[in-house]
1. In Å, the Kirkwood hydrodynamic radius of the range A:1-124 over pairs of distinct alpha carbons?
2. I'd like the projected area of chain A, averaged over all directions, using the convex hull of its alpha carbons. Report it in nm² with one decimal.
3. Run the reach check for A:Lys215 against lysines, Cα to Cα strictly under 21 Å, same-chain hits fewer than 8 apart removed. What comes back?
4. Based on the Kirkwood radius over alpha-carbon pairs, what value in µm²/s does the Stokes-Einstein equation return for the translational diffusion coefficient of the range A:151-259 at 20 °C and 1.002 mPa s?
5. So what is the calculated 222 nm ellipticity per residue for chain B, using -39500 (n - 2.57) for each DSSP H run with n of 4 or more, over all residues, to the nearest 500 deg cm²/dmol?
6. DSSP loop (so not H, G, I, E, B), at most 15 other Cβ within 10 Å: list which GluC sites (Glu not before Pro) in the range A:79-165 pass both filters.
7. I'm a student and want to see the number: the projected area of the Cα convex hull of the range A:78-196, averaged over all directions, in nm².
8. Explain nothing, just the number: dipole magnitude of the protein assembly as shown about its Cα centre with +1 on each Lys and Arg Cβ and -1 on each Asp and Glu Cβ, in debye rounded to the nearest 20.
Amino acid sequence: MSGSYRLGDIELESRLIIGTGKYSSFEENRRALDASGAEMVTIAVRRVNLRERGAGSLLDHIPPDRFRLLPNTAGCFTVKEAVTTAQLGRELLGTPLVKLEVIGDKQTLFPDTTATLEAARILVEEEFCVLPYISDDPVACQQLEQIGCAAVMPLAAPIGSGLGIRNPINIRIILESVEVPVIVDAGVGTASDAAIAMELGCTAVLMNTGIAAAKDPIKMAHAMRLAVEAGRLAYEAGRMPRRLYAQASSPEESLIEVR
Amino acid sequence: MQFELNGEVTRVQGPLNLSTLLERFELQKRRVAVAVNEMVVPRSRFELYEIHEGDRIEVIQAVGGG
């Protein structure tokens, strides 16, 4: 579809990035991934369970040679946790990409902006390609761009909430405030939400629960693919101006007369 | 010798390097990454890294996440 885009040195076609959490099985996850057409998937890093080592590995189903893996720092509450987790993700998956999350509050999972900025500074210094999850805060997004992040990823609504694009105005202001790609990360609940994000002009949309928690995740993954493509095309096409009153679509002259 | 492995106190007799530790847990062929005292140890250095008393070792893998 409509052209590729870059995140740091990486070129991508699909404007849908999906998560790998909350699926009922690795197989379902892979089928949803295939239906979504996504090239990039987020991955979490966690301790190996030393007592139950028999379980299969996510990477057997999502092979790193077929998909771009984007390790995250989900669940980190401090700069140090996020930096160490990012370093482990890079060592594990051999990628400079990191989805930086430094959470500030357990209930809302809103980011700790100060800590995110500090962690981003350290990781950019260490030559990571940093994609930070952040509030829909234009100033924070500008600061992250200045630090050298490869994109900014404002939330549309709380992680896993499915509440949709709660503040399209801020997303628009962010789009006007930065030159790096803007990726809506978190909050998308259904296809129309993804289309709205793309119609606003976002480069891509990142989602997990919107697909994984649908009744039929594979069908929803397909719906999200179409919505992201449709939204992007509509953005490129440029929508008509909104009008308060009607404007006839058919000619108003040469109508027949009936007596 | 006593050290922490993924948050659990672990005791072993005699010297042990990271490579041997992973073998003991049948993890040598698994795709894992290791940090000791919050410093990542590259896979190429597992054999060279001798575990010290009190080390805090994290062995991580890829799991599903958003």
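1. 15.8
2. 18.0
3. Filter leaves A:Lys22.
4. Value of D from the Cα-based Kirkwood radius: 138 µm²/s.
5. -2500 deg cm²/dmol
6. A:Glu126, A:Glu127
7. 7.1
8. Approximately 780 debye in magnitude.
Each reported figure results from applying straightforward, stated rules to the coordinates on display, with no laboratory input. Small disclaimer: the values here were computed from a predicted structure and weren't measured. So basically every Cβ, Gly included, is an ideal-geometry build from the backbone, and we count neighbours across all protein chains shown.
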